[in-house]
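Data block below; observations after.
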Amino acid sequence: MPKQARSRVTRRHLLDAAITCLAEHGWAGSTVAVVAERAGVSRGAAQHHFRTREDLFTAAVEFMAEERSAALPELLRESTGTGSPAGSGRAAVVEALVDLYTGPMFRAALQLWVAASHEEQLRPRVARLEARLGRETHRMAVQLLGADESVPGVRETVQGFLDMARGLGLANVLTDDTARRARVVAQWTRILDATLG
């Protein structure tokens, strides 16, 4: 395998391992050495790709969020058999968007947010990252839900839905919230259907 391709593979392994470590061990238990070991590379190789711990973990959260965002429209096409958000397709969109906030990627991002609230050098980077990912998630939700934001109240309804989805993700961190989440998601699907038409 050419050197450049090996470098890309190593970087990908490090990013995957960083997300897993953050989700499982939190910020305090996730060091560059722990991530490198989990990725099966040397600490020196990890530091070649990412100069600091902050570089590694912010890049990992950003990369995984972008990957999930890119994959979401295709997953929805497969699950609904259509690109249309209406009817059962909208229910699939609502579920998929809520799922963004209930997996390991969200747990990792949550650990990064908590660390950023206490670490000055991390805070501005995470704040910028979160603002950008928030805008992108909102834009993607508007598109996938077929929302017309020129209609009064639609923008706020979509944002309220995304805020609720984040709240469901937080509730799921400590306990399995599957049954209650299903009822809330069904209700939000009805609200979005009524608001978005």
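Between helix 3-25 and the chain there is an angle of about 70 degrees, using the helix long axis and the longest principal axis of the Cα atoms. Once the Cα atoms are used to define both axes, helix 178-196 deviates from the longest principal axis of the chain by about 50 degrees. Comparing Met64, His48, Leu22 along the charge dipole axis of the stretch 17-76, the residue lying farthest to the positive side is His48, per the Cβ-charge model.
How far, in degrees from 0 to 90, does helix 154-174 lean away from the longest principal axis of the Cα atoms of the chain, to the nearest 10? That works out to roughly 50 degrees. Relative contact order for the chain: what is it in percent, counting Cα pairs under 8 Å that are at least 6 residues apart? Relative contact order of the chain: 22 percent. Summarised as an ellipsoid, the chain has semi-axes of 34, 18, 15 Å, derived from the eigenvalues of the Cα gyration tensor scaled by 5 and square-rooted, with the largest first.
Provide Val184, Val173, Val158 in ascending order of the number of other Cβ atoms located within 10 Å of each residue's Cβ, fewest first.
On the way: Val184 17, Val173 12, Val158 21.
Fewest to most other Cβ atoms nearby, the residues stand as Val173, Val184, Val158.
Every number in this text was worked out from the coordinates using simple rules, so none of it is lab data. This is a predicted model, so every value here is computed, not measured. Quick reminder, even Gly has a Cβ in these numbers, built from the backbone with ideal geometry, and neighbours come from all protein chains shown.
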